[in-house]
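Have a look at the structure below before the remarks.
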Amino acid sequence: AQTVTQSQPEMSVQEAETVTLSCTYDTSESDYYLFWYKQPPSRQMILVIRQEAYKQQNATENRFSVNFQKAAKSFSLKISDSQLGDAAMYFCAYRRTGTASKLTFGTGTRLQVTL
Amino acid sequence: SQTIHQWPATLVQPVGSPLSLECTVEGTSNPNLYWYRQAAGRGLQLLFYSVGIGQISSEVPQNLSASRPQDRQFILSSKKLLLSDSGFYLCAAEGEGRNEQFFGPGTRLTVL
């Protein structure tokens, strides 16, 4: 069974600084998808960024980028130029390839952004 | 782009009462639909998913059931709620041929 581990329950970053959130996963599959979701106080899950395992190039979305290390089964999220609105819970998630497949989530990292 | 609606937003129900949560999707056809539950301070757990009308797969045996009466409608039900059914319920949709799930705003259920 696939597992996703987020070892940082809480992180803090100053506004305009850069922060990296860690995620590791375990799978025997060679092809899969990885995601980072943001959950603000409203609790709606918002997709931040996705990575396809067969792509070596790290995904980027504006201030958000990932460091995908397939051999190490590591998938970290870097947030640059942090903003107050980035404060939220961040969840790493894994999805197998296939027609319909569940997301397996980590336990989340709470990110605080300070002035 | 797709939009996912869920209602009600908040629900307080007594133990033993029935439950019906609704999820509807706009902006895509033939979506895969998912129901997740999030306990306080934890990640999401998949409850049910559906790849088409009338097709329901259950991940975890429990007090709940799901139905998909229309292509873009997904309903989560219970005949008799338990205290342990309290939580935050999220509906997600995955467009046809796509691999990313988008979530609705969720329903906060409290069973007293």
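The values are calculated or read from the model by the stated rules, or taken from the named source; none is laboratory data. For clarity, every value in this text was computed on a predicted model and none was experimentally measured. Heads up, the Cβs are rebuilt from the backbone with ideal geometry, glycines too, and the neighbour counts pull from every protein chain shown.
With the structure loaded, tell me whether A:Met11 is at pLDDT below 95, aliphatic (A, V, I, L, M) and surrounded by 15 or more Cβ atoms within 10 Å (Cβ to Cβ) or whether it fails that test.
No.
Which members of the stretch A:49-81 meet the condition of being closer than 18 Å to A:Tyr25 by Cα and within 14 Å of chain B (Cβ to nearest Cβ)?
Those that are closer than 18 Å to A:Tyr25 by Cα and within 14 Å of chain B (Cβ to nearest Cβ): A:Ile49, A:Arg50, A:Gln51, A:Glu52, A:Ala53, A:Tyr54, A:Lys55, A:Ala59.
Residues that are of a type in the set (Val, Ile, Thr) and touching a strand residue (DSSP E or B) at 6+ places or on another chain (Cβ under 9 Å): find the strands (runs of 3 or more DSSP E) completely inside the stretch B:52-110 holding 1 or more of those.
B:55-58, B:73-78
What residue, among those in the stretch A:68-106 that are assigned to a strand (DSSP E or B) and among the polar types (S, T, N, Q), is surrounded by the fewest Cβ atoms within 10 Å (Cβ to Cβ)?
Step by step, filter the stretch A:68-106, then rank; the result is A:Gln69.
When you scan the stretch B:21-51, how many residues do you find that are among the basic types (Lys, Arg) and part of a loop (DSSP other than H, G, I, E, B)?
1
So that you can scan it fast, the table gives a plain yes or no per residue for (1) under 26 Å from A:Ala1 (Cβ atoms); (2) touching a strand residue (DSSP E or B) at 6+ places or on another chain (Cβ under 7 Å):
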| site | (1), (2) |
| --- | --- |
| A:Pro40 | no, yes |
| A:Lys55 | yes, no |
| A:Asn62 | no, no |
| A:Gly85 | no, no |
| A:Thr97 | yes, yes |
| A:Leu115 | no, no |
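Inside the stretch A:39-68, can you point out the residues that are of a type in the set (Asp, Glu) and over 17 Å from A:Asp86 (Cβ atoms)?
A:Glu52
Report yes if B:Gly52 is facing chain A (nearest Cβ under 10 Å) and within 20 Å of A:Ile46 (Cα to Cα), otherwise no.
Answer is no for this residue.
So, of the residues in the stretch B:47-74 that are surrounded by fewer than 20 Cβ atoms within 10 Å (Cβ to Cβ) and of a type in the set (A, V, I, L, M, F, W, C), which turns out to be modelled with the lowest pLDDT?
The extreme case among them is B:Val60.
Pairs only if they're at least six apart or on different chains, beta carbon under 9 angstrom, first in the stretch A:51-73 and at positive phi, second aromatic (Phe, Trp, Tyr) and surrounded by 15 or more Cβ atoms within 10 Å (Cβ to Cβ); list them, first residue then second.
The qualifying pairs are A:Lys73/A:Tyr25.
Only one residue in B:Thr28, B:Thr10, B:Thr24 is among the hydroxyl-bearing types (Ser, Thr, Tyr) and either surrounded by fewer than 17 Cβ atoms within 10 Å (Cβ to Cβ) or out of contact with any strand residue (DSSP E or B) (no Cβ under 8 Å at 6 or more places or on another chain) (or both), so which one is that?
It is B:Thr10.
Conditions: (1) surrounded by 14 or more Cβ atoms within 10 Å (Cβ to Cβ); (2) away from chain A (no Cβ under 12 Å); (3) among the hydroxyl-bearing types (Ser, Thr, Tyr). B:Ser84 meets all but one. Number of the miss?
Single failed check for B:Ser84: (1).
Of the conditions (1) of a type in the set (Lys, Arg); (2) surrounded by 13 or more Cβ atoms within 10 Å (Cβ to Cβ); (3) more than 30 Å from A:Ser7 (Cβ to Cβ), B:Lys79 satisfies every one except a single condition; which number is it?
B:Lys79 satisfies all of (1) of a type in the set (Lys, Arg); (2) surrounded by 13 or more Cβ atoms within 10 Å (Cβ to Cβ); (3) more than 30 Å from A:Ser7 (Cβ to Cβ) except (2).
Between a first residue in the stretch B:2-15 that is more than 8 Å from B:Thr110 (Cα to Cα) and in contact (Cβ under 8 Å) with a residue 12 or more places away in the chain and a second residue that is acidic (Asp, Glu) and assigned to a strand (DSSP E or B), which pairs have beta carbons less than 9 Å apart while being 6 or more apart in sequence or on different chains?
Pairs found: B:Gln2/B:Glu26; B:Thr3/B:Glu26; B:Ile4/B:Glu26; B:His5/B:Glu22; B:His5/B:Glu26; B:Gln6/B:Glu22; B:Trp7/B:Glu22; B:Pro8/B:Glu22.
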